[in-house]
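One structure is given below, represented as structure tokens, and several questions about it will come after.
The values are calculated or read from the model by the stated rules, or taken from the named source; none is laboratory data. This is a predicted model, so every value here is computed, not measured. Cβ placement follows ideal geometry from the backbone for every residue including glycine, while neighbour counts extend to all protein chains displayed.
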Amino acid sequence: MSQILQNFIKQAQYNPLHSLEEWEEDLLNRYPDPHSIVKEGKTTQEYRNYETPTRETVKEFYRLNHINQTYNFVLEKEKNFLKFDKKEMSVWDAVEFLNQLVDDSDPDTEMDQLQHLLQTSEAIRADGHPDWMVLTGFFHDMGKVLCLFGEPQWATVGDTYPVGCAFSDKIVFSEFFQENPDYNNPNYNTKYGIYEPNCGLINVHISWGHDEYFYQMMKNYLPEPALYMLRYHSFYPQHRENAYKHLMDNHDREMFKWVKLFNPYDLYSKNPTPPDWQKLRPYYEDLVAKYLPATLKF
Ligand SMILES: [Fe+2]
Ligand SMILES: [Fe+2]
């Protein structure tokens, strides 16, 4: 086999998705927009029956995610990336940097990262929510720059879940966890693992990805509900499936109302008419300047 072909296969195994959006499209299959279902006159159950089977690329992505996200892996990534010594950029440099994540799946229907961020934030703004929530919408996926630092897709996006305790069978494709080394480790494979009942999520390590990374970067700048939205927006096993309530405390339960409020803006704000960035830019420049310093350490 030629070196080029070998490299190609290695790369395909490492990053099976054509783009990071493939995971988000799969989320839409799993959690279809209740409004569009009503319009089509279907129940959620019926809608699910019509869904196409998960693409092989997405399945492989989940497999890699589930076998590799161990407790030790997460601690290592936290140690490495939460030093924030990779790059110093203004928010605007970061947006441009993020937009290098070009899509090679379908150039007609896919939008770039900035469009997804803007559509989320504009939908939040249109509903009259506070400006820090608009900013959160605008930022929520900024942590995907991890991919540009060479991190694999399965350590950048995907549903997130606690590590250090048993993996819930409510997690998508949970059968793949059987190949995760923690699955057979008695320290980590019980209901509570290393944690105490209702210890609060602040004490829980969550699988590594763009959520935790960007939350940590923002934690001194935004109000707490915004931080919960950033940190747990991909934690579908809890905010949609309620599978980890035994680790949450009363404060988490209160704050998850915000995470749930945020989720439909992330999933269902795709708009065929893209927001006009040139027109919106001054508003967002003021908003960023109100809450954040001139540059951020990534
Ligand atoms: Fe996200
Ligand atoms: Fe998103």
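Might you let me know whether the range 225-239 holds any residue that is without any contact (Cβ under 8 Å) to a residue 60 or more places away in the chain, surrounded by fewer than 17 Cβ atoms within 10 Å (Cβ to Cβ), among the basic types (Lys, Arg) and at negative phi?
There is no residue in the range 225-239 that is without any contact (Cβ under 8 Å) to a residue 60 or more places away in the chain, surrounded by fewer than 17 Cβ atoms within 10 Å (Cβ to Cβ), among the basic types (Lys, Arg) and at negative phi.
Among the residues of the range 199-253, how many are small (Gly, Ala, Ser), closer than 16 Å to residue 263 by Cα and assigned to a loop (DSSP other than H, G, I, E, B)?
Selection size over the range 199-253: 1.
Please note which helices (runs of 4 or more DSSP H) are completely contained in the range 79-190 and include at least 2 residues that are in contact (Cβ under 8 Å) with a residue 24 or more places away in the chain, more than 16 Å from ligand 1 (Cβ to nearest atom) and farther than 19 Å from residue 63 by Cβ. Let's see the steps before the verdict.
Numbers: elements: 91-98, 113-126, 131-139.
Where helices (runs of 4 or more DSSP H) fall fully within the range 79-190 and carry at least 2 residues being in contact (Cβ under 8 Å) with a residue 24 or more places away in the chain, more than 16 Å from ligand 1 (Cβ to nearest atom) and farther than 19 Å from residue 63 by Cβ, they are 91-98, 131-139.
Could you tell me whether any residue of the range 266-276 is in contact (Cβ under 8 Å) with a residue 40 or more places away in the chain, assigned to a helix (DSSP H, G or I) and away from ligand 2 (no atom under 13 Å from the Cβ)?
no
Out of (1) part of a loop (DSSP other than H, G, I, E, B); (2) of a type in the set (Phe, Trp, Tyr); (3) within 16 Å of ligand 1 (Cβ to nearest atom); (4) out of contact with any Phe, Trp or Tyr (no Cβ under 8 Å at 6 or more places or on another chain), what's the single condition that is false for residue 195?
The failed condition is (3).
Starting from the range 197-224, keep only residues that are among the β-branched types (Val, Ile, Thr) and at pLDDT 95 or above, then list their pairs with residues that are within 16 Å of ligand 2 (Cβ to nearest atom) and assigned to a loop (DSSP other than H, G, I, E, B) whose Cβ atoms are within a distance under 7 Å, requiring at least 6 positions of separation or different chains.
Once the first residue is among the β-branched types (Val, Ile, Thr) and at pLDDT 95 or above and sits in the range 197-224, its partners that are within 16 Å of ligand 2 (Cβ to nearest atom) and assigned to a loop (DSSP other than H, G, I, E, B) give 206/160; 206/235.
State yes or no: is residue 139 surrounded by fewer than 21 Cβ atoms within 10 Å (Cβ to Cβ) and either at negative phi or acidic (Asp, Glu) (or both)?
No; evaluated as a whole, the condition is false for this residue.
Quick check on the range 165-208: of everything there that is on the phi > 0 side of the Ramachandran plot and of a type outside the set (S, T, N, Q), which residue is nearest to ligand 2 (Cβ to nearest atom)?
Restricting to residues being on the phi > 0 side of the Ramachandran plot and of a type outside the set (S, T, N, Q), the top hit is 173.
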